[in-house]
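Visitor: Just passing along the structure, written as structure tokens.
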Amino acid sequence: MKAKRIVAIISLLVILAAGLFAVLNAYTLPRAYDGKDAAGNAIDVVELYENPTNYDVSDADGIADIIVKQNLEKTMAANNVAAVVFDFRGFDTLGESFILLTSIAGAFVILAKSHKKKKEDEQ
């Protein structure tokens, strides 16, 4: 019993150290969004959400180009995040949901068997 407790404490310390390392490493990275456009003008996020055609998005490239410039025409979704998750990556999201539900069902089966076995051992 004491060995399990020591292993649990060591595991928690390793997870805490890894999290601390990740936070400190992320702190040194440059900011991804500073609230300004390419010309240095402040961006009003509410106006950007309501009328994205007023902003210059010519510097987007790759998949960001499609998401930023063609989102509304391709998906008819006003929210870019929802468009990416449900339209551009819909099958991937469906697969992830299937894996999550399968793992939850498997955990319930394993726990139910161990719970049933424990009750039988008590009797």
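Nothing in this text is a laboratory measurement; each read-out follows from the coordinates by a stated rule. What you are looking at is a predicted structure, and each value in this text was computed from that prediction instead of being measured. A quick note on method: Cβ atoms are made from the backbone with ideal geometry, for glycine too, and the neighbour counts reach across all protein chains shown.
Visitor: Near N79, within a Cβ-to-Cβ distance under 13 Å, what is the net charge of the other residues, with Lys and Arg +1 and Asp and Glu -1?
Guide: Numbers: positive: none; negative: E50, D87.
Here the count lands on -2.
Visitor: Right, another one. Can you tell me which lysines have their Cα less than 29 Å from the Cα of K74? Leave out same-chain residues fewer than eight positions away.
Guide: Counting by Cα, and skipping residues close in sequence, K74 has these lysines nearby: K36.
Visitor: Using a 10 Å cut-off around each Cβ, can you sort Y49, Y27 from fewest to most neighbouring Cβ atoms? Numbers along the way, then the final one.
Guide: Details: Y49 11, Y27 7.
Final ranking by Cβ density, sparse to dense: Y27, Y49.
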